[in-house]
Each structure stands twice: as structure tokens, then as C-alpha cells.
Amino acid sequence: MIKLGFGEFQNLDSINDFYHLPFQLLSSGLERLMKCFICLGYYEIHNEYPDSKYLKKCGGRNGHDLNELKNNILYNYFKNREITALKIDEKFLKEDSDLKELIYLLSEFGKYARYHNLDIITSASKPSIDVKRLWEKYETDILLADPSLLEKLSDFEYQKEVHSYVTQFIISKLEKFVRGISRQFTIGQLGEKAQQFSSVYYDFILLKDEKIGTTDYRKHTTRFKQKEKNAYKRTTIDNINRKINPDIKFKKILKDDFVGDWPFYAEEVIIECRQKYWCTIEIDGIDYALNGSASDRYKLDSVIDAGMSIRGKSISPFINMALELNEK
């Protein structure tokens, strides 16, 4: 459920802004993870599972408060065992302000805000908070904290990259949260029962720092599986035309020769700039749009949407290099 929530969150864009689905999946998934944790921790101490009354009490007044569940875990069951990785997990879970805000918003949605629209329609005397609006404000704050992102946001060519960055910033925080909780099942020695159930969260338990924020979870979603793919397989004629057409500039770039953070899964790519404006990229014989203009003109999937670039890594150097080919 958590992976599916991440995938649906990655599916959001300027056209699909239905936050309700990822909010619902993530709030429910995180609540289940933490309640499962508490049950297993309780079992290790008392040799029996807690009753429903105890479990509800752990979740605050209405039983669904994610921050209350997190605090219950931290102060009653979490053990760092003097292990560096677990100490880092503990500090992050207790002190990270971004995480606290995200957990608060997801918690409020899970408790009340899923009914916000109905509250408005029915003129409820105390309508629930508008989590979507607060979430969008949180995303805006991420942009405001980085002037370079704001500059890119005003340029159509880079808008997908900016959206991808904000999405991955948020997912990175939540991935670290899930990893921090899940590692207690194994490294934290929560108990024999917890060890037995740990395989459910192995992908998070084994998640390395350098992989945080780079996973494409969209493959788990029906929307992504059913989406029509608009990649173009190049032909021999295309390759000949690229060499003889003066309006097409191109360059092959190898990962080993690139200075910076390589953003693609492939080891080599070919960038193109067509008629000075439309930038594409060839990966394994397939053309993808590199900038927004090319996506619109040629009806190509962007290299980001197609999942050919590593989530959270910038492709803007390649857009810039493609546009600069016209100057040579």
C-alpha cells in the first residue's frame, strides 16, 4: 500500500492533481505499518498481542493519529542498540521538521480531511482542514527555499524536472521514515515475530542512502501500466537524416565522460536539437523528449515520464547542452 501510494504520488502532474488517492494510500499504509510494529513490540514484551483498546489508545484520541503512533514507537519500543545507522534513524524520526509536517498532514487526512469536500457542501459547523491546500503550500515552500528551482519553474522547458524534484524530496523523507521504522524489525531486534514479518518491508530495510529518492514507484500503479507509451523507435533513415540535415545538431555523451551526477539508467545517450528549439534524447535506439517543446511538437513521452531518467536527478544540463549545439 505504501509503494502504491508513492507511485500514485509520482503520477500527479499539472493534468492529474487528484491528491486524494495517494493521501489515502499513504495515510492508511503508514498507520498499518506502525500499528503492526506496536503489536509485534508488545508481543515481544508480554508474549501476547495487545487488545484493540490498547492499540486504539496508541493512536491518540481517535486511534488514527500518525504522530501519536510514531511517538509511541519511539518512546516505548524503538532501540538504537548503539548502532550508528539506528542512531541516525532515531534522530531523524524525532527531529526532522519536514517529516513532522508530512506526517501531520497525512494524519489529518486519515482522521478527518478525507471528508473536507463533503463538509463544505453540507456546511458543516466545523469543517475539516483542507489538506490539499496545505500540502500545496508545503510544496511551494520547497520551491521558495531554492532560488534555482524558482527560476526553472518559470521556464516551460524545465517544469517537469521541477515537479519531479519536489515529488522526490517528499518521497525521500517518507522513504527514510519507513526505512527507520522497518529496520527495527531486523537490526533493531524488535523480536522473533517481527523478524518473521520483516520480508514485507525488505525493500525499505535494505534501501541504501544513495538510493533514497531514486525509485520509480509508478510501475505499481494501474494508471502507469495502462498509459499509452509515445516513444519513437528510430530507423536507419532517421540516423542518416540526422547526419545530413543542417537543422539537426546532435552529440553522443558517455557516462564515463560526463562530469556531474549522471541522471540516466543507460550508460550512453545521444542528445539532439532540432531547428534550434526542440530537444530530444536517444536511449537504446528510442527517441524521448528532452524538453517540453519537443514533447508537444513530436508527441513524445518525456525522458522523465518514460522512466528512463533516475528520479530526483537533474536533466537540465542535457537540455542546456542540446540547446548549445546550435552555437557551434
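The values are calculated or read from the model by the stated rules, or taken from the named source; none is laboratory data. The shown structure was predicted, so the numbers you read here are calculated from the model rather than taken from an experiment. As a convention, Cβ positions derive from the backbone with ideal geometry for all residues, glycine included, and neighbour counts pool all protein chains shown.
Quick notes
- Unmet requirement for GLU268, which otherwise passes all of (1) at pLDDT 95 or above; (2) out of contact with any helix residue (DSSP H, G or I) (no Cβ under 7 Å at 6 or more places or on another chain): (2)
- Listed by first and then second residue, the pairs linking a residue in region 250-276 that is free of Cβ contacts under 8 Å to residues at least 60 places away in the same chain to a residue that is part of a loop (DSSP other than H, G, I, E, B) and hydrophobic (A, V, I, L, M, F, W, C), with Cβ atoms under 6 Å apart and 6 or more places separating them unless they lie on different chains, are LYS255/TRP262; PRO263/ILE310; PRO263/ILE315.
- Just one of the listed residues (ILE45, ILE38) is free of Cβ contacts under 8 Å to residues at least 12 places away in the same chain, touching a Phe, Trp or Tyr at 6+ places or on another chain (Cβ under 9 Å) and on the phi < 0 side of the Ramachandran plot, and it is ILE45.
- Unmet requirement for THR215, which otherwise passes all of (1) farther than 30 Å from ALA85 by Cα; (2) out of contact with any Gly (no Cβ under 9 Å at 6 or more places or on another chain); (3) assigned by TED's automatic domain parsing to the domain that holds TYR165: (1)
- Test: residue in region 203-213 that is outside any helix (DSSP H, G or I), among the acidic types (Asp, Glu), surrounded by fewer than 20 Cβ atoms within 10 Å (Cβ to Cβ) and under 20 Å from the mean Cα position of the chain (by Cα): no
- Taking the conditions (1) loosely packed, with under 13 Cβ neighbours inside 10 Å; (2) on the phi > 0 side of the Ramachandran plot in turn, THR222 satisfies each one other than (2).
- Annotation: of all residues in region 161-197 being aliphatic (A, V, I, L, M) and free of Cβ contacts under 8 Å to residues at least 40 places away in the same chain, the one that is nearest to TYR104 (Cα to Cα) is VAL166.
- Search result, residues across region 214-224 that are out of contact with any Leu (no Cβ under 8 Å at 6 or more places or on another chain) and either at pLDDT 95 or above or not in a loop (DSSP other than H, G, I, E, B) (or both): ARG218, LYS219, THR222, ARG223, PHE224
- Verdict on TYR298 being closer than 23 Å to HIS163 by Cα, touching an Asp or Glu at 6+ places or on another chain (Cβ under 9 Å) and not hydrophobic (A, V, I, L, M, F, W, C): yes
- Of the helices (runs of 4 or more DSSP H) lying entirely inside region 43-108, the ones with 1 or more residues being among the small types (Gly, Ala, Ser) are found at 52-58, 84-95.
- Residue within region 212-224 that is in contact with an Asp or Glu (Cβ under 6 Å, 6 or more places away or on another chain) and under 30 Å from GLY5 (Cβ atoms) present: yes
- Only a single item in (1) of a type in the set (Asp, Glu); (2) surrounded by fewer than 16 Cβ atoms within 10 Å (Cβ to Cβ); (3) within 30 Å of GLY307 (Cα to Cα) is not met by GLU31, and it is number (2).
- Identification of helices (runs of 4 or more DSSP H) wholly contained in region 145-202 with 2 or more residues that are modelled with pLDDT of 90 or more and closer than 21 Å to ASP96 by Cβ yields 159-186.
- Hits in region 139-168 - residues which are surrounded by fewer than 17 Cβ atoms within 10 Å (Cβ to Cβ) and of a type in the set (Phe, Trp, Tyr): PHE156
- Criterion violated by LEU105 - all others in (1) modelled with pLDDT under 90; (2) within 18 Å of the chain's Cα centre (by Cα) satisfied: (1)
- The residues in region 232-261 that are out of contact with any strand residue (DSSP E or B) (no Cβ under 7 Å at 6 or more places or on another chain), among the charged types (D, E, K, R) and within 16 Å of PHE318 (Cα to Cα) can be counted, and the count is 3.
- Of all residues making up region 263-282, the number that are closer than 16 Å to ILE310 by Cα and surrounded by fewer than 19 Cβ atoms within 10 Å (Cβ to Cβ): 4
- Selected residue (only one of SER172, SER164, SER198 is assigned by TED's automatic domain parsing to the domain that holds ALA85 and closer than 29 Å to ASN47 by Cβ): SER198
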